[in-house]
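K.L.:
Right, I'll just put the structure down here and ask away after.
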Amino acid sequence: MSRGGGKGPSLKDKLDGNELDLSLCDLNEVPVRELVSVRSATILDLSCNNLISLPSDFCSLMHLVKLDLSKNRLQQLPLDFGRLVNLQHLDLLNNRLVTLPVSFAQLKNLKWLDLKDNPLDPVLAKVAGDCLDEKQCKQAAVKVLQHMKAIQSEQDRQRQRKLQAEREMEKKREAEQRAKEAQERELRKREKAEEKERRRREYDAQKAAKQEMEKKTKKENVQTRKPASSSRPPPPPRHKHSWSRSVLRVLLFALFCVLCTLAACKLTELRRQPLCISVNTLYEDVLAALQNHKTLQNLLQQNSQQ
């Protein structure tokens, strides 16, 4: 145990039943490690010392039922002071406390509280009131606990609202991220489709150019072979050959008709008809005219000699 920086008597020498009196020991700090070993001390008196603060491990003394910290220079209590859940009596008279930790609301067994002569926050000072007798100190414990529970509830609500806001913000960020990713996927898909369309147009253009080249090559080959074939005489027009045949047939048919008419007029009873008489007369005149021609006469003589 520290007493002004030196060594003093052991805690067991100051232990009286379940009460440990460390008041007026000129303590600058609480000997928590030694106090932990004395778990039978449920009543601890640390009044009238030079304590400015309590170490965080002080809250491990959960066996304490009554605690006197009056007439020190405490400016604040540990944040987890509410761990002292078995505490029923707490004396904080004449310190330098302004506020209490929110965990103070967890001291559900607290029955007595003295906060006089502290520069308390006005709201907290009004809630605590005076502690001039047993009744007022008990009322102070009840009212301060209710006040701290209200603060704790409000802080919990604020924490929940903050947590909810953070969750909503996170959801919003996730939604924006998903929308961004979807937009990027759509952009990549569109770029891929455009690239595919570009390659298809290039393929079609190359194919068309190849076909055009093949046509041009084929045309040049045809033009190269054309002079050799032009030396051949063109075949006679088929329409002229057909026309000459038709004229010859008409002449033969006319000659046949004339011969038939002469035969009928010479050999049949029709020779007495006026038409046949005219035909026979015309035939004899033509034959006479032909016989007067010299060439024909020679031909006729040769035929007669034969």
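K.L.:
How many residues are buried (at least 18 other Cβ atoms within 10 Å of the Cβ) and out of contact with any Cys (no Cβ under 9 Å at 6 or more places or on another chain) when one looks only at the stretch 104-119?
P.N.:
6
K.L.:
Scan the stretch 130-161 residue by residue and report those that are of a type in the set (Gly, Ala, Ser) and open to solvent by 40 Å² or more (accessible area, probe 1.4 Å).
P.N.:
Ala150, Ser153, listed by residue number.
K.L.:
Condition test on Arg96, is it in the same structural domain as Ala140 (by the TED database), at pLDDT 95 or above and open to solvent by 70 Å² or more (accessible area, probe 1.4 Å)? Before you say what the answer is, go through the steps one by one.
P.N.:
On the way: in the same structural domain as Ala140 (by the TED database): yes; at pLDDT 95 or above: yes; open to solvent by 70 Å² or more (accessible area, probe 1.4 Å): yes.
In short, yes.
K.L.:
Quick check on Leu79: is it out of contact with any Phe, Trp or Tyr (no Cβ under 9 Å at 6 or more places or on another chain), part of a loop (DSSP other than H, G, I, E, B) and under 18 Å from Val144 (Cβ atoms)?
P.N.:
Numbers: out of contact with any Phe, Trp or Tyr (no Cβ under 9 Å at 6 or more places or on another chain): yes; part of a loop (DSSP other than H, G, I, E, B): yes; under 18 Å from Val144 (Cβ atoms): yes.
Criteria met by Leu79.
K.L.:
Look at Asp13 and say whether it is of a type outside the set (A, V, I, L, M, F, W, C) and in a loop (DSSP other than H, G, I, E, B). Lay out the reasoning, then the answer.
P.N.:
On the way: of a type outside the set (A, V, I, L, M, F, W, C): yes; in a loop (DSSP other than H, G, I, E, B): no.
For Asp13, the condition - of a type outside the set (A, V, I, L, M, F, W, C) and in a loop (DSSP other than H, G, I, E, B) - is not met.
Here's the yes/no breakdown for (1) without any contact (Cβ under 8 Å) to a residue 24 or more places away in the chain; (2) open to solvent by 70 Å² or more (accessible area, probe 1.4 Å); (3) over 24 Å from Cys131 (Cβ atoms):
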{"site": "Lys12", "(1), (2), (3)": "no, yes, yes"}
{"site": "Leu15", "(1), (2), (3)": "no, no, yes"}
{"site": "Leu24", "(1), (2), (3)": "no, yes, no"}
{"site": "Glu29", "(1), (2), (3)": "no, yes, yes"}
{"site": "Leu67", "(1), (2), (3)": "no, no, no"}
{"site": "Lys71", "(1), (2), (3)": "no, yes, no"}
{"site": "Gln88", "(1), (2), (3)": "no, yes, no"}
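K.L.:
Report yes if Arg188 is charged (D, E, K, R), more than 30 Å from Thr99 (Cβ to Cβ) and either open to solvent by 80 Å² or more (accessible area, probe 1.4 Å) or not in a helix (DSSP H, G or I) (or both), otherwise no. Lay out the reasoning, then the answer.
P.N.:
Details: charged (D, E, K, R): yes; more than 30 Å from Thr99 (Cβ to Cβ): yes; either open to solvent by 80 Å² or more (accessible area, probe 1.4 Å) or not in a helix (DSSP H, G or I) (or both): yes.
Judged against the criteria, Arg188 is a match.
The values are calculated or read from the model by the stated rules, or taken from the named source; none is laboratory data. In this text, all values refer to a predicted model and were calculated from it rather than measured experimentally. Using ideal geometry, Cβ is built from the backbone for each residue, glycine included, and neighbour counts are taken over all protein chains shown. Side chains are part of the model used for accessible areas, which takes the heavy atoms of the whole protein and leaves out ligands, DNA and RNA. Shrake-Rupley method; radii C 1.70, N 1.55, O 1.52, S 1.80 Å.
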